[in-house]
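Reviewing the structure listed below.
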Amino acid sequence: MSAMLPLATEYCAAIQFRNGRNLGMRKPLLTSEQSIHFYTAIGRALMASFADSYVGQLRRVVGCRLLLVPGARIVIENSKAEVLLQKRSDFDVWGLPGGNAEEGENLEVTIAREVTEETGLELVEYKPFGFGCDPLIETFTFPNGDRCQYFVLSYFSRSFRGVPRVGDDESTAVRWFSVEALPPMLPNMLKSVKAYLEFSRSGEFQMI
């Protein structure tokens, strides 16, 4: 028997969770690995659009003012030592998969959910390598005027399932790139890739 919950079972459980029914348990009786899948499924069930997200709902209250936002991003590396990038639809440049935490999530769940939503990949193993909090590169004004300052735990993964594809409207393309030939990237994303390379060399946790 697979150690994973079947996707259909996960999704039904997520829908029940969303509707206020938790299968009669205070906490799901799942392994750590199954828990990632369970709460990723909850994220897929809950998240229909940006407007439904925590930040989207908050925007309706505070407008475009600066928000301090926790989140996660990830460097996914394949067997050719290439990294997976997505071309962002908001700034029309390349960046790393990732996103904002939702209510009730830890960042381990956040990054697993975001990778699946944005690229179609399923992370098997992933670990943090750095933390990004430099306001000079983590503060953005979006095309619609919204402003955010991000505080981001950076992960890396070399173990995943699936073939990358565009999974939502936040990107227009996904593609593997050699670290020696990276395309134009957002400065914070580029610095994250460079920090990952330094982490790979030194083994030291990076402040980005």
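Computed values, structure above
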{"quantity": "Odd one out for Val124 among (1) of a type in the set (Val, Ile, Thr); (2) part of a strand (DSSP E or B); (3) touching a residue at least 40 places away in the same chain (Cβ under 8 Å)", "calculated": "(3)"}
{"quantity": "Pair list, Cβ under 6 Å, 6 or more apart: segment 93-121 residue more than 17 Å from Pro164 (Cα to Cα), other residue open to solvent by 10 Å² or more (accessible area, probe 1.4 Å) and of a type in the set (Ser, Thr, Tyr)", "calculated": "Glu102/Tyr54; Glu103/Tyr54; Val109/Tyr39"}
{"quantity": "Top-ranked residue of segment 92-121 - restricted to ones that are hydroxyl-bearing (Ser, Thr, Tyr) and over 15 Å from Thr172 (Cα atoms), ranked as surrounded by the fewest Cβ atoms within 10 Å (Cβ to Cβ)", "calculated": "Thr116"}
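The values are calculated or read from the model by the stated rules, or taken from the named source; none is laboratory data. It should be emphasised that the depicted structure is a prediction, and the values quoted were computed from it without experimental measurement. So basically every Cβ, Gly included, is an ideal-geometry build from the backbone, and we count neighbours across all protein chains shown. SASA here: full protein model, heavy atoms, side chains in, ligands and nucleic acids out. Shrake-Rupley method; radii C 1.70, N 1.55, O 1.52, S 1.80 Å.
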